[in-house]
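Peer 1: Right, I'll just put the structure down here and ask away after.
The values are calculated or read from the model by the stated rules, or taken from the named source; none is laboratory data. Every value quoted in this text rests on a predicted model; they were computed, and no experiment measured them. Using ideal geometry, Cβ is built from the backbone for each residue, glycine included, and neighbour counts are taken over all protein chains shown. We work out accessible area using only protein heavy atoms, side chains counted, and drop any ligands, DNA or RNA first. Shrake-Rupley method; radii C 1.70, N 1.55, O 1.52, S 1.80 Å.
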Amino acid sequence: EKGVYPYYMLKEIDEQPNVMRKLSAKYLDENGAPLFDKKLLEAMKQADRLYIIGAGTSYHAGLVGKNLFEKLVNVPTEVHVASEFAYNQPIISDNPFFIFLSQSGETADSREVLVNVNQKDFPSLTITNVENSTLSREATFTLLLEAGPEISVASTKAYTAQIAVEAILAKGLGEFKEIEVAKNFDIKQQLGLVATGMQSIVDEKATIDDLSKKYFVDAEKSFYIGRGTDYFVSLEASLKLKEISYIQAEGFASGELKHGTIALIEDGTPVIGIITQANTASLTRSNLQETMSRGAKKITIVSDDLARNDDDIIIPTVDELLAPLLSVIPAQLLAYYTSLNKGLDVDKPRNLAKSVTVE
Ligand code: M6R
């Protein structure tokens, strides 16, 4: 039930701090050690390469997962859009392990890939919000997102839950493989910081509502830019805005803009820069500057430790690997308020269904 909330989406955004705490309690013991089935860890340890498969928001959560697995487990990781992988497979390594990300566990594009993976007897894990869903039943292993039902078509808490589960799994597998970075990664403490950080952002919703009214309600197009994981979040942030506000929004790697897309910038076009990675902060800032000198209205979402006086949305600093869990929240709220302020049906955008069960 959505209770006092006008739309499920806002309720689901607000639930995220709690989902983080639930996942921490479910998958970590009191000392912060991950609790996973040994068989899952053994199977994953054999893998020479991980393949993450998903669609839409779940694909975007996979992109963030790639960094987590490569940094904490030191295993090459590929992320694929399910509908593409199904009919145009890359060369698969000798010992692959497949991870399916799906809120519903019913997405037809992902199911098609899993059928093929099973025919080849490759081991697999489904990370899903729905127990006994098709993708869960048909994979070798399952981990649940524990996010509670997600009703709004626009996925929010499933995205952050998927990233959190990937992070805990990467920590667990990395430790199992005795990788030093994983041993030193205090996931329990970090998820605690993430939960408090999320709470502080959702408590400041009104600021985002103001930004939405000022720059987005009347906009025809907009851009999210960033580098590395900030780019991955840009893709998710722009999907959210497109899906429910019907404003053309593109997520771009900020270094790519000048190779063509910058031609689209006009007077007043909103360009949102996501900046949470120290090694690329100044590069993204100069790319933002380039758009501003062509008339763009810049808005920044920046981690506290990298913030400057002229930044717009400052989010608490957490480990860079987990920064997407916080930088995505203002973007979810911006999409929500823009849809609301335009008088649209936030939870049921046109042309879309919650679960896409046809290929
Ligand atoms: O249930 P799934 O996670 O497999 O769904 C995948 C996509 O259809 C889904 O994430 C879609 O992109 C959302 N509506 C985005 O908000």
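Peer 1: Just to compare against my own numbers: the Cα pair-distance distribution for the range 236-359, 5 Å bins, whole % per bin, please.
Peer 2: Spelled out bin by bin, the range 236-359 gives 2, 10, 18, 20, 19, 15, 9, 5, 1, 0 percent.
Peer 1: Let me ask something additional. Could you derive backbone 3J(HN,Hα) for the range 181-189 from the dihedral phi with the Karplus parameters 6.51, -1.76 and 1.60 (θ = phi - 60°), listing whole Hz in sequence and x where the residue is Gly or Pro?
Peer 2: After applying 6.51 cos²θ - 1.76 cosθ + 1.60, I find 4, 5, 4, 7, 8, 7, 5, 5, 4 Hz.
Peer 1: Enter the Cα centre distance for the pair the range 36-98 and the range 328-359, rounded to the nearest angstrom.
Peer 2: Comparing the Cα centres of the range 36-98 and the range 328-359, I get a distance of 28 Å.
Peer 1: Let me know the volume per residue of the alpha-carbon convex hull for the chain, in Å³.
Peer 2: 133
Peer 1: Need one word for the range 68-190: rounded, prolate or oblate. Basis is the Cα gyration tensor (sqrt eigenvalues a ≥ b ≥ c); a/c below 1.5 gives rounded, then a/b vs b/c decides.
Peer 2: oblate
Peer 1: Sorted by average packing, counted as other Cβ atoms within 10 angstrom per residue and highest first, what order do 103-113, 124-134, 341-351 take?
Peer 2: Result, highest mean first: 103-113, 124-134, 341-351.
Peer 1: Under a straight-distance cross-link criterion of Cα-Cα below 14 Å, which aspartates and glutamates are reachable from residue 242, leaving out those fewer than 8 residues away in the same chain?
Peer 2: Cα-Cα hits under 14 Å: 218, 220, 250, 345, 347.
Peer 1: Quick check: at a probe of 1.4 Å, how many percent of the accessible area of the range 271-327 sits on carbon and sulfur atoms?
Peer 2: 46
Peer 1: Moving on. Find the eigenvalues of the gyration tensor of the Cα atoms of the range 274-337, then list the square roots of 5 times those eigenvalues as equivalent ellipsoid semi-axes, largest first, in whole angstrom.
Peer 2: After diagonalising the Cα gyration tensor, the semi-axes are 19, 16, 9 Å.
Peer 1: Shifting gears a bit: Highest mean first, what order results for 159-167, 298-306, 83-91 on Cβ atoms within 10 Å?
Peer 2: 159-167, 298-306, 83-91
Peer 1: When ranked by the protection proxy of mean other Cβ atoms within 10 Å per residue, highest first, what sequence do the peptides 314-325, 245-256 form?
Peer 2: For the peptides 314-325, 245-256, the packing ranking is 314-325, 245-256.
Peer 1: From the C-alpha gyration tensor of the range 145-256, pull out the three semi-axes of the equivalent ellipsoid (sqrt of 5λ each), sorted largest to smallest, in whole Å.
Peer 2: Over the Cα atoms of the range 145-256, the semi-axes work out to 31, 17, 14 Å.
Peer 1: Can you flag which of 71/171; 2/157; 214/354; 205/354; 298/354 are past 21 Å Cα-Cα?
Peer 2: Distance filter (> 21 Å) returns 214/354; 205/354; 298/354.
Peer 1: While we're here: Report relative contact order for the chain in percent, whole number only (criteria: Cα-Cα under 8 Å, sequence separation at least 6).
Peer 2: That works out to 19 percent.
Peer 1: Restricting to the chain, what percent of DSSP beta bridges are antiparallel, rounded to 5?
Peer 2: 5
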